1. Which value, in debye to the nearest 20, gives the size of the charge dipole of the protein assembly as shown about its Cα centre, when Lys and Arg are +1 and Asp and Glu are -1 at the Cβ?
2. Counting only residues 5 or more places away or on other chains, whose amide H sits under 5 Å from the amide H of B:Val118 once H atoms are built in the peptide plane?
3. So what is the relative contact order of chain A, in percent, for Cα pairs below 8 Å that sit 6 or more residues apart?
4. Take chain A, connect every pair of alpha-carbon atoms lying under 10 Å apart with a spring to form a Gaussian network, then pick out the residue of A:Leu246, A:Leu24, A:Leu156 with the largest mean-square fluctuation.
5. Considering the Cα trace of region A:63-219, what is its radius of gyration and what is Dmax, both in angstroms?
6. Report, in listed order, any pair from A:Lys36/A:Lys211; B:Lys165/B:Lys263; B:Lys168/B:Lys273 with a Cα-Cα distance greater than 23 Å.
7. When the Cα centres of region A:82-134 and region B:125-164 are compared, how far apart do they sit, in Å?
8. Give me the angle, in degrees from 0 to 90, between the Cα long axis of helix A:20-34 and the longest principal axis of the Cα atoms of chain A, rounded to the nearest 10.
Amino acid sequence: MATETTLISKSLEKGEKSPIINILSKLWGTIKRRYKKQFILIMGLLVFVLILEILTALPGMTDPKYILFDGVKYHSEYPPSWKYWLGTNSTSQDVALLILHGTKNSLYFGIGCALISTAVALVVGIFGPFIGGVWDTASSFITNIAMVFPQIPFILFISSLMATRSWVTVMLIIGLFSWPWAARAIRSQVLTLRERNFIKVSKMSALGNMKIAFSEIIPNVLSYVILVFSISFGIGIITEAGISMLGLGDSSGNFVTLGYVLWYHQTEYILNQNFYHIWLSPGIVLTLIFLIFYVIQSSFIMTFNPRTRENM
Amino acid sequence: MNSLEMNVIEEEDLKTSFLDEKTRAQKIVGNSFLRLILRKLVFYFLVFFIAITLAFLIPRLVPGSPLYYIRDLSGSINPVDAAIIIAELEALFGLDLPLWNQYLIFLEQFFLHGNLGVSINLPTIAEPVFDLIAPRIPFTLMIVIPALIITFFVGNWVGAWVGYKETKPRKVVYYTFLIMGAAPFYWFAYVLTDIFVQYLHFFPPFTSTPEFSFDLAVILEIMKHYWLPLILMVLVNIGGWSTGARSMMIYERGSGYILYSQKLGFKESKLRKYAYRNSILPQFTGLNLNFNNMIGQTIILEFVLFWPGLGSLMISAFTQGDYAMIMGTFIIIILVIVIGNFLIDLSYGLLDPRIRIGGSE
């Protein structure tokens with residue numbers, strides 16, 4: 001900590017430009033100090049993913065769609081027992097194994113979605129208002145139009161028209177249709193930043209637009225970006241599960257997600273039989289994931305907003 | 001418009017004449033409202049135009065043809081027959097023409113004749129798609145519109161109620177709604193169906209919702225099926241509103257005028273009312289986004305609960321490969337969303353004079 005700050009101050013004294021490494025290490029220090037709670041939460045999530053990775057890589061657990069057949073009969077529609085913790089579905093697959101793989105894949109899927117939509121939101125939300133002129137109007141106009149576009153109907157429409165869909169395409173479709181609100185939030189923040197004096201000073205000292213955007217604007221809206229990222233993470237997972245449940249997810253069937261487990265239920269039982277172990281568990285896992293992200297988001301909001309920080 | 005500007009206008013009016021004041025003010029409001037309507041009309045028409053252009057282009061640009069479902073079927077019948085059927089269908093939809101020509105025909109048919117093509121699904125073959133879609137529109141709207149209004153008021157009230165004084169029972173209510181909002185809504189539909197239909201028998205099973213007709217018995221039957229989807233939409237969406245309202249209320253609670261009035265000894269209920277009014281206004285901007293989300297949610301929910309609205313029609317069209325029906329339902333859903341957003345913007349303009357007169361966002 002101390003060494004990092006002295007490094008930066010030394011380089012500042014010499015009038016050197018501080019390299020990106022120093023800025024990042026300073027940022028890292030702040031993260032560890034101020035965002036201790038969130039840091040623990042996110043680390044917990046990473047450890048959870050690691051445990052899932054290890055569990056699903058164990059011998060005998062790598063194939064979630066493995067059909068349980070002992071040579072005499074299929075183990076279909078078993079209630080939960082010590083052997084099958086969450087029972088088996090009608091195609092003789094272990095529901096617990098499906099959910100382990102599904103949780104892992106859903107989380108990865110969420111990261112992908114969040115990356116895509118945050119990247120688009122960043123580009124539209126930062127560079128438009130920052131460069132100004134035609135770009136500003138254009139980006140504002142595109143955002144306003146995209147805000148009205150219905151997300152779920154568009155996703156359903158596109159994926160229903162594709163004969164084959166890999167999970168990457170589904171991720172792209174969801175990511176590319178869920179950025180507008182994020183772009184708007186970032187944009188309004190950039191618009192207030194643009195009028196601040198330190199931006200005007202850096203413009204007067206003939207720094208390039210790109211350089212100002214990266215070294216002055218992005219660090220200042222980083223809190224919003226993190227928030228946007230975590231919200232799109234949750235939304236991506238829920239949306240994917242929704243469209244997979246309708247059978248419009250990954251068409252190859254090799255990418256097992258939580259929505260896929262629900263789809264089995266949707267197609268085969270439709271609540272005529274009481275197979276709670278099949279449909280309750282994916283929903284509970286999805287709710288828990290969403291709640292974890294809610295806790296992370298609200299703790300970020302509390303930390304970013306000084307007034308709520310005092311009141312909480 | 002802030003109070004200063006108001007004063008300026010009033011002074012000007014006083015200078016000119018007393019009699020003119022009211023009519024002139026009315027004129028300003030009327031004109032600016034008209035301008036708002038025109039501006040929004042142009043914007044939403046543009047949005048609609050871009051959306052249907054995308055709806056036209058996407059099926060023709062994504063890998064796989066709009067008729068791939070039929071191509072898949074061609075394995076089961078004689079390949080020569082299949083080729084003839086596909087050629088006939090392509091001629092029927094005009095898919096053999098160049099792209100610009102198809103686009104012009106599409107626009108002409110839609111805007112001049114209101115024609116969305118004909119269904120190729122067996123029970124409803126050769127019927128105009130629009131006639132099949134039109135009776136489904138009220139079914140979707142009768143869930144979305146009441147749910148939007150109820151969740152807006154209840155959700156904001158709950159959020160403000162919790163934000164103003166954070167006691168334990170209030171927090172319990174708040175977090176219950178929050179967890180219900182966090183649960184994926186399609187899965188929550190399973191849970192509620194299981195409780196209320198399977199065990200408590202409060203509502204009839206969903207597979208038997210009748211088509212609409214002007215018959216009292218049929219309407220009563222539809223109403224019986226109607227409550228669960230509505231309750232579900234309300235329960236799922238309250239959490240989202242109340243989180244926003246709560247943080248707005250926490251912000252208002254700490255602001256100067258509330259603290260000052262507390263010191264002056266104002267009644268607590270009066271203060272809460274002031275803070276509530278101030279905290280609810282920014283929430284209005286969320287109506288548009290929430291309306292769009294709710295339409296999306298209803299589409300999936302209708303399929304899960306067998307509610308005969310636009311969404312279940314759209315999703316069944318996916319499974320049957322009914323190309324014109326997919327396009328038609330999609331365009332009608334966009335139309336519903338665009339009109340809804342337009343009306344919400346206008347109502348916002350009516351409520352907040354700054355939107356009318358300020359001009360920009």
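1. Rounded to the nearest 20 debye, it is 3400 debye.
2. B:Val129
3. Across chain A, relative contact order equals 20 percent.
4. A:Leu24
5. Rg then Dmax for region A:63-219, in Å: 24.0, 81.
6. Going by Cα-Cα distance, A:Lys36/A:Lys211 fall outside the 23 Å limit.
7. 28
8. The helix A:20-34 is inclined about 70 degrees to chain A.
Every number here is computed from the coordinates shown, using simple stated rules; none is lab data. Note that the coordinates shown come from a computational prediction; the quantities given were computed from them, not determined experimentally. Cβ sites come from the backbone with ideal geometry, for glycine too, and all protein chains shown count toward neighbours.
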